[in-house]
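The values are calculated or read from the model by the stated rules, or taken from the named source; none is laboratory data. Because the structure is predicted, anything quoted here is derived from the model rather than measured. Here the Cβ is made from the backbone with ideal geometry for all residues, glycine too, and neighbour counts use every protein chain on show.
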Amino acid sequence: MLNGKVILVVGGAAGIGRATAELCAARGAAVVVADIDPAAGQQVATAIGGLFVAVNVTDPASVQAMVAAIEERYGRLDGLIQTAGVLKGAYTPVDEFPLETWRTVLEVNVTGSFLCAKHAVPLLKQSDKGVMILVSSGAAVGGSSSVAYGASKGGVNSLGITLAAKLAPEGIRVNVVMPGNIDTGMKRSVIAAEAEMSGKSLEDAVAASKLGVPEGVAQVLAWLVSDDADYVRGMITTR
């Protein structure tokens with residue numbers, strides 16, 4: 001259970017983030033939903049009785065303001081779950097891959113994770129058992145349709161491993177979770193591109209992908225942020 005804990009879910013407006021915010025709230029946490037999409041983020045926060053904070057994870061001032069809002073409202077933070085990310089450039093050959101797209105993906109996925117960690121740590125240090133979970137992807141170790149996405153998620157893995165060692169003396173537990181083949185808007189956009197290239201119907205391509213559901217990953221994330229997972233360290237691969 002998460003009774004009495006304050007949990008921040010970055011990227012909580014949709015997909016894995018939304019499912020995780022909903023489950024953490026159902027298990028008793030005060031949940032802060034942070035997202036760049038204010039309409040969807042507020043809808044989720046209202047439905048679960050949480051707080052919505054708009055954030056652009058690539059903007060240091062925006063991330064700092066997000067954490068300040070949490071401190072003002074709750075005076076504490078027990079868990080950060082960073083799910084925000086983008087996938088662009090699916091099936092674009094590396095020799096044709098736009099530098100701007102590369103920079104955008106790394107800025108959101110890697111720099112965004114770094115900024116969330118950087119600004120959340122001071123509050124997490126004040127928790128009895130602070131927890132940080134960075135959501136990577138199976139693409140980090142198995143390859144991706146996008147060279148930028150695969151590289152960025154490898155960066156998230158390494159960031160998490162490094163932070164786990166550096167923050168352990170501060171009493172902060174860090175995990176990296178690598179989901180794969182989950183039914184999200186991002187994944188469906190990749191399947192749509194694949195279907196167009198192969199001539200398959202979108203329905204057939206989705207069925208062939210045998211996608212898992214966001215709620216399944218949410219079960220893992222909500223457990224990891226709880227005290228029951230106190231002995232768990234390192235990277236975890238899910239479906």
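One table, with the values for the structure above:
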quantity: Criterion violated by Val177 - all others in (1) modelled with pLDDT of 95 or more; (2) in a helix (DSSP H, G or I) satisfied; calculated: (2)
quantity: Count - residues of the stretch 145-170 that are more than 17 Å from the chain's Cα centre (by Cα) and among the polar types (S, T, N, Q); calculated: 3
quantity: Top-ranked residue in the stretch 70-79 [being touching a helix residue (DSSP H, G or I) at 6+ places or on another chain (Cβ under 8 Å) and part of a helix (DSSP H, G or I); ranked as surrounded by the most Cβ atoms within 10 Å (Cβ to Cβ)]; calculated: Ile70
quantity: Ile182, sole failed condition from (1) more than 20 Å from Val33 (Cβ to Cβ); (2) in contact with a strand residue (DSSP E or B) (Cβ under 6 Å, 6 or more places away or on another chain); (3) modelled with pLDDT under 95; calculated: (1)
quantity: Condition met for Val44 (free of Cβ contacts under 8 Å to residues at least 24 places away in the same chain and β-branched (Val, Ile, Thr)); calculated: no
quantity: Sole residue being closer than 19 Å to Leu221 by Cα and not charged (D, E, K, R), chosen from Thr104, Thr83, Thr92, Thr111; calculated: Thr83
quantity: Residue, nearest to Val156 (Cα to Cα), within the stretch 214-239, restricted to residues that are at pLDDT below 95 and surrounded by 14 or more Cβ atoms within 10 Å (Cβ to Cβ); calculated: Met235
quantity: Hits in the stretch 74-120 - residues which are within 21 Å of Pro60 (Cα to Cα), β-branched (Val, Ile, Thr) and more than 17 Å from the chain's Cα centre (by Cα); calculated: Thr101
quantity: Tabulated pairs, the stretch 8-33, first acidic (Asp, Glu), second in a helix (DSSP H, G or I), C-beta under 6 angstrom, 6+ apart or interchain; calculated: Glu22/Ile48
